[in-house]
1. May I ask you to list the residues in region 54-83 that are touching a residue at least 60 places away in the same chain (Cβ under 8 Å) and within 10 Å of the chain's Cα centre (by Cα)?
2. Identify all residues within region 30-52 that are surrounded by fewer than 14 Cβ atoms within 10 Å (Cβ to Cβ) and either assigned to a helix (DSSP H, G or I) or among the β-branched types (Val, Ile, Thr) (or both); write none if there are none.
3. I'd like the full set of residues that are part of a loop (DSSP other than H, G, I, E, B), of a type in the set (Gly, Ala, Ser) and at pLDDT 95 or above, limited to region 57-100.
4. For region 7-25, how many residues meet the condition of being without any contact (Cβ under 8 Å) to a residue 60 or more places away in the chain and either among the aliphatic types (A, V, I, L, M) or touching a helix residue (DSSP H, G or I) at 6+ places or on another chain (Cβ under 8 Å) (or both)?
5. Looking at (1) closer than 15 Å to residue 93 by Cα; (2) touching a His at 6+ places or on another chain (Cβ under 9 Å), which is the one condition that is false for residue 45?
6. Which of the numbered conditions does residue 39 fail, given that it passes all the others? Conditions: (1) touching a residue at least 40 places away in the same chain (Cβ under 8 Å); (2) touching a Lys or Arg at 6+ places or on another chain (Cβ under 7 Å); (3) of a type in the set (A, V, I, L, M).
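The values are calculated or read from the model by the stated rules, or taken from the named source; none is laboratory data. Computed from a predicted structure; not experimentally measured. Ideal geometry is used to build each Cβ from the backbone, glycine not excepted, and the neighbour counts take in all protein chains shown.
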Amino acid sequence: MTAVSNKWTVVQHSGYGYTHKPGFEHAVETRAITTVGELKRVERSGGVVFDSYLLAEDFAEKANFPADYKGLYPQARGTFSSQMIDGLRIYKPIRAEPVG
């Protein structure tokens, strides 16, 4: 596969994806996109591609803790694809979440 550099996406948090901790079921985190195959998988599944780590991190933080949310655990409001990056489900944001 052809390598890709400086592309990022948001996936279901590893705290839930790897260890099923309930408080992280609706949380997201940033992951690097490392191949063209991963890039296409993110795009086909409705995920978001970012051109920098900082943009992806900023998006993940805002998705985890929406402005009107006052809870303790992250509460991203989108859904998760069955497609994965690094063993974690790709996040599909809701339209109201600003991207980039």
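1. 80 - this is the single residue of region 54-83 that is touching a residue at least 60 places away in the same chain (Cβ under 8 Å) and within 10 Å of the chain's Cα centre (by Cα).
2. Going residue by residue through region 30-52, those that are surrounded by fewer than 14 Cβ atoms within 10 Å (Cβ to Cβ) are 36-37, 40, 44, 51-52.
Result: 36, 37, 40, 44.
3. In the first step, residues of region 57-100 are kept if they are part of a loop (DSSP other than H, G, I, E, B); the result is 65-78, 86-87, 93-100.
Next cut, of a type in the set (Gly, Ala, Ser) only: 67, 71, 76, 78, 87, 96, 100.
The answer is 76, 78, 87.
4. Restricting attention to region 7-25, the residues satisfying the condition of being without any contact (Cβ under 8 Å) to a residue 60 or more places away in the chain are 7-8, 15-16, 19-25.
Then keep just the ones that are either among the aliphatic types (A, V, I, L, M) or touching a helix residue (DSSP H, G or I) at 6+ places or on another chain (Cβ under 8 Å) (or both); that gives 7-8, 15-16, 21-25.
Adding up the residues that qualify gives 9.
5. (2)
6. Going through (1) touching a residue at least 40 places away in the same chain (Cβ under 8 Å); (2) touching a Lys or Arg at 6+ places or on another chain (Cβ under 7 Å); (3) of a type in the set (A, V, I, L, M) one by one, residue 39 breaks only (1).
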